[in-house]
1. Based on other C-beta atoms within 10 Å, arrange 220, 146, 244 from fewest to most.
2. Decide, for the chain, between rounded, prolate and oblate: order the square roots of the alpha carbon gyration tensor eigenvalues as a ≥ b ≥ c, take rounded if a/c falls under 1.5, and otherwise choose prolate if a/b is larger than b/c, else oblate.
3. Give me the Kirkwood hydrodynamic radius of the stretch 95-206 in Å, from all C-alpha pairs, to one decimal place?
4. Cα gyration tensor of the stretch 137-264, axes a ≥ b ≥ c as square roots of the eigenvalues: rounded (a/c below 1.5), prolate (a/b > b/c) or oblate?
5. Tell me the relative contact order for the chain as a rounded percent, counting alpha carbon contacts under 8 Å between residues six or more apart.
6. Can you put 257, 83 in order, fewest other beta carbons within 10 Å first?
7. Taking Cα atoms, how many degrees apart are the long axis of helix 241-252 and the longest axis of the chain, rounded to 10 and kept between 0 and 90?
8. Calculate the tail of P(r) for the stretch 50-142: the fraction of all Cα-Cα distances greater than 18 Å, expressed in %.
């Protein structure tokens with residue numbers, strides 16, 4: 001079925017999920033909408049996050065998407081179930097796939113979770129992890145400075161290094177052996193996070209597992225695109241397209257990209 005897969009996020013972070021879907025499912029067309037004008041979602045009230053997420057969802061629905069991926073952990077925690085119940089297409093989030101992957105990887109059942117204030121406060125990962133393994137020990141940490149660093153495009157510099165080290169100081173000597181990046185912005189900081197915590201900590205990027213779940217659902221529902229034409233991806237942002245374009249081109253390894261600025 002040659003219809004697009006919709007991906008929504010609070011900003012550029014969901015590109016980490018889009019990249020994995022594009023890599024694992026190269027025939028599929030992606031329509032991505034990042035709400036960069038109102039990013040970050042993490043510090044916002046749940047009702048506001050819910051309203052914004054529904055606006056993004058309704059916008060992409062006009063393009064007859066065959067599946068929706070909510071690539072924002074905060075939005076997933078707040079409104080995933082509601083949107084799943086309302087829409088007649090498959091809707092998936094990023095929390096359960098990341099939790100399953102972490103449980104598979106951990107050897108000592110001690111898992112760290114990095115997330116926005118909203119995601120950590122919701123305890124969505126705690127619930128997801130313990131629903132799989134009741135005795136897992138979860139150490140959660142809110143990282144409010146991470147998203148602004150990524151959205152500004154400064155995630156490779158010395159400022160980012162300092163922010164990562166200051167934020168993660170409390171986890172440096174912990175005994176976690178697995179760490180979930182509980183925000184899709186955070187994989188852009190993964191090299192710095194890995195360097196600071198050490199190679200003994202297995203870092204889970206939920207984008208990989210989410211892409212596998214997308215593939216499984218497409219197969220089960222016979223929704224795969226069977227055509228061989230090169231997909232024409234589209235990207236939308238509610239803010240400036242300049243920084244979005246720079247990050248997207250580098251992260252997705254594309255020579256050019258079609259980005260449209262929109263108003264909701």
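Values in this text are rule-based calculations from the coordinates and carry no lab data. This is a predicted model, so every value here is computed, not measured. Cβ sites come from the backbone with ideal geometry, for glycine too, and all protein chains shown count toward neighbours.
1. 220, 244, 146
2. Prolate, since a/c reaches 1.5 and a/b exceeds b/c.
3. Kirkwood radius, the stretch 95-206: 13.9 Å.
4. oblate
5. 28 percent
6. So the residues, fewest neighbours to most, are 257, 83.
7. For helix 241-252, the angle is close to 70 degrees.
8. Value for the stretch 50-142: 47 percent of Cα pairs lie more than 18 Å apart.
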